[in-house]
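**Student:** Once you've had a glance at the structure underneath, I'll fire off some questions.
The values are calculated or read from the model by the stated rules, or taken from the named source; none is laboratory data. Please read all numbers here as calculations on a predicted model, not as lab measurements. Cβ placement follows ideal geometry from the backbone for every residue including glycine, while neighbour counts extend to all protein chains displayed. What goes into the accessible areas is simple: the full protein's heavy atoms, side chains included, and nothing from ligands, DNA or RNA. Shrake-Rupley method; radii C 1.70, N 1.55, O 1.52, S 1.80 Å.
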Amino acid sequence: MTDPSRRLRVRALLDAYFPILFGAAILLAFVFGFWLFQVYAVEEVRTEQRTFVQWSESTELEHSALIVNESVPFEAGQRVEDRPIYYTTISDGLDITYRYEHTAGAELDVSTDIFLRVRSVSGDDVFWEVTEPRASTGSESVSAGENHTAEASVNIAELRRTIAEIQSQLGTEGSIEIAIVATTSIDGTVDGQAVNRTHGSLLRLAVSQTSFRVTDTETIDEEYTSTDTVETTQEASLLEMLASLLAFSGSLTVLGTLAFARLRGYIELSGEEAELLEVYQQEQEFSEWITTGTFPSERDYEATIVVDDLKGLVDVAIDTNKRVIKDEQLRVSTVLDDDYVYLYIRPDSSASEWLFNQADMTMDEMNEFQF
């Protein structure tokens, strides 16, 4: 199909479905306009659950040893802290500093007991256990950010003697486990709620003939939370703002274009254009009967018969078993019979005046016309 036919078909479709298209454009403009209004003018409020840390508490265990015997690496009277290993030849024992701290917006009563625990274990089985108090603090009021501190020490030589005495009495079954245990009791009120709990922290020791070391520590780091319902304003994203604006502008453009084209008559087909569109469609339908050629240069026929439409000319071709000859330049289609020439003249033919009124002219006379 030629380009003019395509344009005519598009206009014919727009003309036939204009009410539907115009209504759809109005609906889209309304929908996109409402979307644009929601994006730019209406704040989206979302309700969500948020968890807040009300307060927290933590403990810490530090260890050190005093150097009592001079050595090349260490001087007597020097204190070494948080070492991976300590030596019994230059230090008598291990000193422990325990700290408790909280962030509650209230004063809490805090007390701590520290004791040495020695036991023999095998897996989950405890064969024997001995505990010795090492430190105890009275109850004291502790505010947020303040440290509640307790200090204790373990004499390694005495510890080894205690273990040796028990093993001489009970035997050496199981593995010896040594721990410094700190138990802290907390009592008070935080945000109107009673607080009454106990925390345990510990420091594990390994002891040999020549050294002792801390193998592990267990402390607490607790957070106490609450959940509140909050409302937040959600701003539209840049992509959503641009998309809504472009969609609304595009719908208005389509709506305005349709209205303008309708009012100016750019959509509705004239009678001649409607006939041309029908010709294009018929040419496709009857293409097997149509051959492109040139209109005869001289009048060799007794009579010329002008038919009203291309379909009628194709019917003549079928009845006479002839071909339809289509002249692209003159925009004329013909069927040449023995005595007659049958013509169909398209509305846009430049030779329509000559063909209708002066068909008896020769080709030389015909050339005087400007087609």
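**Student:** With the contact rule set at Cα under 8 Å and sequence spacing of 6 or more, what percent relative contact order holds for region 91-156? It would help to have the intermediate numbers written out before the result.
**Tutor:** On the way: 125 pairs, mean separation 32.9, N = 66.
Value for region 91-156: 50 percent.
**Student:** I'd like to check one number: the per residue accessible area of region 67-106, probe 1.4 Å, reported in Å² as a whole number.
**Tutor:** Numbers: 2220 Å² over 40 residues.
Spelled out: the 1.4 Å probe surface of region 67-106, per residue, equals 55 Å².
**Student:** Continuing with this model, one more query. Roughly how many Å² of Thr334 are accessible to a 1.4 Å probe, to the nearest 10?
**Tutor:** My reading of the accessible area for Thr334 is about 10 Å².
**Student:** Between Arg264 and Ser141, what is the label-point separation in nm under the 7 Å Cα-to-beta-carbon projection?
**Tutor:** 8.8 nm
**Student:** Shape of region 74-198 from its Cα gyration tensor (a ≥ b ≥ c, root eigenvalues): rounded if a/c is under 1.5, otherwise prolate when a/b > b/c, or oblate?
**Tutor:** Details: a/c = 3.12, a/b = 1.59, b/c = 1.96.
It comes out oblate by the Cα gyration axes.
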